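Participant: Dumping the structure here so I can ask a few things about it.
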Amino acid sequence: MQIDAFLDQFYADLLLAERDRQLTALTYRLSAEIFLLWCQDRKLKLSELTSKDLIYFSVWRKTQGISEITLAKDLSALRALGEFLVREQYWSENYALVLDRPKTAKTLPAVLTQTEIETLLSSIDTSTPLGLRDKAIFELIYSCGLRISECCDLKIINLHMHEKFILVSGKGGKERVIPFGKEAHDLLEEYLTKVRPSLVGTKNVPEVFVNYRGEAISRKGIWKKFKQIQAVTGIDAKVHTLRHSFATHLLEGGADLISVQELLGHADLATTQIYTHVTDRQLEEAHHKFFPGHENADKTREELKNSPEKDK
């Protein structure tokens, strides 16, 4: 079996049959490649594999020192590969379904304060055409809670300036409508009228945001611009932190969880609920900051309780 040709077929199946996003398909392809090379080293044929072989593979992956998150991605990829192998009649059933996903510790997403967001955005030099474009990009990502891929894929036809909303195609092709405010509107208006036409020229480019060559801006392009902003401000964050901050600030402002779920495009409400834990943590930190006496009083009571003098 030619591994590269097989992987190309699997990758195409993920995009066309399963309708996975390109980044997910690429991640699954990489995990499948590791699995196929493991099989090749042990002279195992795909058609003769059993659930036991898949368990041995997952144990082997753990010995490589990978994280629980990476292992979880591998197992998701194996399940997708199993579905493909069943369709291609290599397997009679999906043996990968016996594998349990590892329980990963839930980490709270990092968020920025509104002051930090303002510092990031105000540090962008809008006296240059590309600077104006960059500020429009990051203002829209923050004020709409966009994933970086959703910003890259945003089409002119889905940008409704007069009504101040965008139509976004998220994970699994699920569409959602997201409103944006005056700040984003004014930046977009200036970018669309003063910057984009000179970058695009006579090209027919459907995407809203373009690079200096007049082509649709890439994820890497946005990421590099954000790294430059980080260097200027000294604020430690990622582009995705803007999305986390969007959700947290909405909840802090009184938005209900269902509305935030819709705006973020989460299929499961439990995914959105993690932001309530963020706000709870921030509330606790604020309490300790402004009422340190209560915390000190608790320590004093504990010290007195454990003191040898208490028995006298």
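The values are calculated or read from the model by the stated rules, or taken from the named source; none is laboratory data. The structure displayed is predicted, hence computed values, not measured ones. Here Cβ is always computed from backbone atoms with ideal geometry, including for glycine, and neighbour counts include all displayed protein chains.
Participant: Filter segment 149-179 down to the residues that are touching a Lys or Arg at 6+ places or on another chain (Cβ under 8 Å) and either buried (at least 22 other Cβ atoms within 10 Å of the Cβ) or assigned to a strand (DSSP E or B) (or both) and list them by number.
Facilitator: Leu167, Val168, Pro179
Participant: Between residues in segment 32-44 that are over 17 Å from Asp8 (Cβ atoms) and residues that are charged (D, E, K, R) and part of a helix (DSSP H, G or I), which pairs lie under 7 Å by C-beta distance while being six or more apart or on different chains?
Facilitator: Qualifying pairs under 7 Å: Leu44/Asp53.
Participant: From the set of residues in segment 52-88 that are small (Gly, Ala, Ser) and exposed (fewer than 14 other Cβ atoms within 10 Å of the Cβ), which is farthest from Phe10 (Cα to Cα)?
Facilitator: For segment 52-88, the residue satisfying everything is Gly65.
Participant: Can you go through Leu132, Leu121, Leu108, Leu49 and tell me which one is on the phi < 0 side of the Ramachandran plot, in contact with a helix residue (DSSP H, G or I) (Cβ under 7 Å, 6 or more places away or on another chain) and assigned by TED's automatic domain parsing to the domain that holds Leu7?
Facilitator: Among Leu132, Leu121, Leu108, Leu49, only Leu49 is on the phi < 0 side of the Ramachandran plot, in contact with a helix residue (DSSP H, G or I) (Cβ under 7 Å, 6 or more places away or on another chain) and assigned by TED's automatic domain parsing to the domain that holds Leu7.
Participant: Continuing with this model, one more query. Considering only residues that are surrounded by 18 or more Cβ atoms within 10 Å (Cβ to Cβ) and modelled with pLDDT under 85, which ones fall in segment 11-23?
Facilitator: Hits for segment 11-23 are Asp20, Arg21.
Participant: From the set of residues in segment 180-205 that are in contact with a strand residue (DSSP E or B) (Cβ under 9 Å, 6 or more places away or on another chain) and either outside the structural domain of Leu264 (by TED's automatic domain parsing) or not in a helix (DSSP H, G or I) (or both), which is nearest to Phe246 (Cα to Cα)?
Facilitator: Phe180
Participant: Next question, about the same structure. Taking the options Thr115, Thr119, Thr128, name whichever one is surrounded by 15 or more Cβ atoms within 10 Å (Cβ to Cβ) and out of contact with any Cys (no Cβ under 8 Å at 6 or more places or on another chain).
Facilitator: Going through Thr115, Thr119, Thr128 in turn, the sole match is Thr119.
Here is a yes/no grid of residues against (1) surrounded by 14 or more Cβ atoms within 10 Å (Cβ to Cβ); (2) on the phi > 0 side of the Ramachandran plot; (3) part of a loop (DSSP other than H, G, I, E, B); (4) at pLDDT 80 or above:
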position	(1), (2), (3), (4)
Asp236	no, no, yes, yes
Leu250	yes, no, no, yes
Ser259	no, no, no, yes
Tyr275	yes, no, no, yes
Glu302	no, no, no, no
